[in-house]
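A.B. asks: This is the structure I want to talk about, given as structure tokens.
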Amino acid sequence: MSNATPRLTLELLLRFSPFDFLTPHYQQQALDSLQYVQRKAGTPLFKRGEKSLALYYLLEGKVGLGEEGTRKPMLGGSLEACHALNETQPQAQAVVALSDVTLFALERGLLERLLNWSQSADYGVVSLSMQAEEQQGHDDWLAKLLRSPLFGRLPPPHLHKLLARFEFIEVAGGEAVVRYGEPGEHFFVLKQGRAAVTLPSAYQQEPRQILQVGDFFGEEALVSGAVRSATVTMLEDGVLARLERELFVELVHPTLIPQISSEQLHRMTRLGQRQFLLLDVRLPMEYRLGHQAGSISLPVANLRTHAESLDRHTLYAVTPEGGIRSELAVHLLNQFGFEAYLLTDPPEQSPVAA
């Protein structure tokens, strides 16, 4: 098998089910989200009865379906191979690689969301955009918001409710929308204008972040219950879409923190041959008193400054001991472009003291 992993084109992806049911925008999003896996001949791919977070498709090679002695062969490129090898949950039959194989995979939850969006497009995304244009004029703030990881997980009914409850306010250039250290009461989306994110002068700060139309802010204080971690000041006159804390917590907060069990974590990384890392985001003192075996200490306050040193191909599981801090860390990591989950089950072993 070649060392170069094949990559699908959009045309080839549409030969697999159910990608042909997606609208063009979501077809491209699915293509960009695929992961590719290569396994050697003789490797067990799935066991009967197991569950997995991703759907895996045979791209190249030959696999056997069923138990040894009764296995049915399947070739990459065949009509049968247009369906996922692990379509049913729990897994209906064992699957083993009969030759060197190449698979591609997509998270089940993501595919379900893309199908949901596509099948309800007339009522979902299209009508959302039409409502925004009718109410506030034509711009692309909502389209950008819907493409974000934060809102991409929400079902259309939730988005309709959110849009109906957004309050649009005019703000002047130079006005501080939120201030460092104040309690958080609202979630904001920048509909018109630009804004700057700054910290107090006592901090050694990187160049200030500039927010553009469609960017959002204020969710961290609502996730963590803490005070505002930065000041956001308008650089010019603009318009903000504002959402009250209670509605944000009710509709948005549950989707911010994807969760994973230890069993799911090991299955996902075993089949995909991916590395994972356990992160303990409590203070170093708390970590030294006891932590899960194999976890490393990375306090949530240091995530921004240390994010560039993290490997983007690694899956990150945040241990739950930090409570709200663990939830905030998962949200921040996903916002930074990493794949992160909150580990749901308690440790199997007693905590280890440093």
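The values are calculated or read from the model by the stated rules, or taken from the named source; none is laboratory data. If you're wondering where the values come from, they're calculated on a predicted model, not measured in any experiment. Because the Cβ atoms are built from the backbone with ideal geometry, glycine has one as well, and the counts that use them run over all protein chains shown.
A.B. asks: Of all residues in the stretch 306-327, count the ones that are within 16 Å of Gly337 (Cβ to Cβ) and among the hydroxyl-bearing types (Ser, Thr, Tyr).
C.D. replies: Here the count works out to 3.
A.B. asks: Another question about this same structure. Considering only residues that are hydrophobic (A, V, I, L, M, F, W, C) and closer than 29 Å to Leu247 by Cβ, look in the stretch 191-213 and name the one that is modelled with the lowest pLDDT.
C.D. replies: Leu199
Every residue, every condition in (1) aromatic (Phe, Trp, Tyr); (2) modelled with pLDDT of 80 or more; (3) under 23 Å from the mean Cα position of the chain (by Cα), yes or no:
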{"position": "Asp215", "(1), (2), (3)": "no, yes, yes"}
{"position": "Gly225", "(1), (2), (3)": "no, no, yes"}
{"position": "Thr255", "(1), (2), (3)": "no, no, yes"}
{"position": "Gly272", "(1), (2), (3)": "no, no, yes"}
{"position": "Pro284", "(1), (2), (3)": "no, yes, no"}
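A.B. asks: Those residues that are closer than 16 Å to Leu343 by Cβ and loosely packed, with under 15 Cβ neighbours inside 10 Å, I need them from the stretch 263-273; list them, please.
C.D. replies: Of the stretch 263-273, the ones closer than 16 Å to Leu343 by Cβ are 263-269.
Once the filter is applied, which keeps residues that are closer than 16 Å to Leu343 by Cβ and loosely packed, with under 15 Cβ neighbours inside 10 Å, the stretch 263-273 yields Glu263, His266.
A.B. asks: With the checklist (1) in a helix (DSSP H, G or I); (2) surrounded by fewer than 21 Cβ atoms within 10 Å (Cβ to Cβ); (3) touching a residue at least 12 places away in the same chain (Cβ under 8 Å) in hand, flag the one item Asp311 doesn't pass.
C.D. replies: Only one criterion is unmet by Asp311, namely (1).
A.B. asks: Could you list, in sequence order, the residues of the stretch 71-103 that are of a type in the set (A, V, I, L, M) and within 30 Å of the chain's Cα centre (by Cα)?
C.D. replies: Correct list: Ala81, Ala84, Leu85, Ala92, Ala94, Val95, Val96, Ala97, Val101, Leu103.
A.B. asks: May I pose another question? Go through the stretch 343-354 and give me each residue that's buried (at least 19 other Cβ atoms within 10 Å of the Cβ) and at pLDDT 85 or above.
C.D. replies: Residue satisfying the conditions is Leu343 alone.
A.B. asks: Could I ask something else about it? Test of understanding: among Phe21, Phe46, which residue is aromatic (Phe, Trp, Tyr) and either farther than 29 Å from Ser261 by Cβ or at pLDDT 95 or above (or both)? Before the answer, list the steps.
C.D. replies: Values: Phe46 fails: either farther than 29 Å from Ser261 by Cβ or at pLDDT 95 or above (or both).
Answer to the selection: Phe21.
A.B. asks: Turning to a different aspect of this structure: Which one of Leu45, Leu59, Leu85, Leu106 is touching a Phe, Trp or Tyr at 6+ places or on another chain (Cβ under 9 Å), buried (at least 17 other Cβ atoms within 10 Å of the Cβ) and under 23 Å from Ser148 (Cα atoms)? Write out each step before concluding.
C.D. replies: Details: Leu45 fails: under 23 Å from Ser148 (Cα atoms); Leu59 fails: under 23 Å from Ser148 (Cα atoms); Leu85 fails: under 23 Å from Ser148 (Cα atoms).
Checking each option against the conditions leaves just Leu106.
A.B. asks: Okay, moving on. Take the residues in the stretch 276-297 that are of a type outside the set (Gly, Ala, Ser) and without any contact (Cβ under 8 Å) to a residue 24 or more places away in the chain; name whichever of them is surrounded by the most Cβ atoms within 10 Å (Cβ to Cβ).
C.D. replies: Here the residue is Leu283.
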